[in-house]
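What follows is calculated from the coordinates using simple rules that are stated; it is not laboratory data. Everything numeric here is computed off the predicted structure, so don't read it as measured data. When we count neighbours, we look across all protein chains shown, and the Cβ atoms used for this are built from the backbone with ideal geometry, even at glycine.
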Amino acid sequence: MTIQCVAGGVRFAVRVQLRASRSEVRGVHGDALISSSDWRRAAPSHNIRFRVTSAASRRAEGDMATILLVGTDVSLLEGLAQTLAAVGHNTQLASSLAEAMEAAAIEPPLVAVIDRALVLPAGEALRLPLARGGTLLVYRPDGATAAALPVAVQRAVLADLRLPLERHRLVALLQHVEARARSTGRDRVQTPPERHPTA
């Protein structure tokens, strides 16, 4: 990261990730500082305030895990982000798999919740980087038709949800994943038997 001394202060590049559940500094990528911007407040005139925190202090605060919500229905994702933020989850939104891949490369999420419509055309979603102990969830919006998931996807995902109808189940699954990740530290959380409800 390059920092230049200028009159009255310093200058450095900042790359802002929009549509996150909170505004915070996430780390350094290349020559830029990575900051997330709260989607509820982000605007061209929004000022970013930085607070330096170490990984140890973030662990002490219980603020290490990120939940990545991926889909094209922005209003649905924003509603889910509010629900998850209310119970203490740190969320980030992505409107495409490409955007999700870019975000996950910088900070791998513990759980990625991905719209079925983005998963089915190709297997790219299965290669999304995840944090240790992380897993994938897929969802379809209420009222959407659901084709059978390919076997490879069924084996890779923890659950297939209807959202926002099953948002409480989503919260319970996230708590399950976080608890397992903390207690075992395994690379991939085992899928409970109920993960694949019928369409």
A correct Stokes-Einstein calculation for the range 136-187, using the alpha-carbon Kirkwood radius, 37 °C and 0.692 mPa s, returns a whole-number D in µm² s⁻¹ of 268
For the range 101-154, the charge dipole (Cβ of Lys, Arg +1; Cβ of Asp, Glu -1; about the Cα centre) points to a positive end, and the Cα of VAL151, ALA125, LEU136 closest to that extreme belongs to VAL151
Once amide hydrogens are built 1.01 Å from N within the peptide plane, the residues lying 5 or more places from VAL113 or on another chain with amide H under 5 Å from its amide H are LEU68, LEU69, VAL70, LEU137
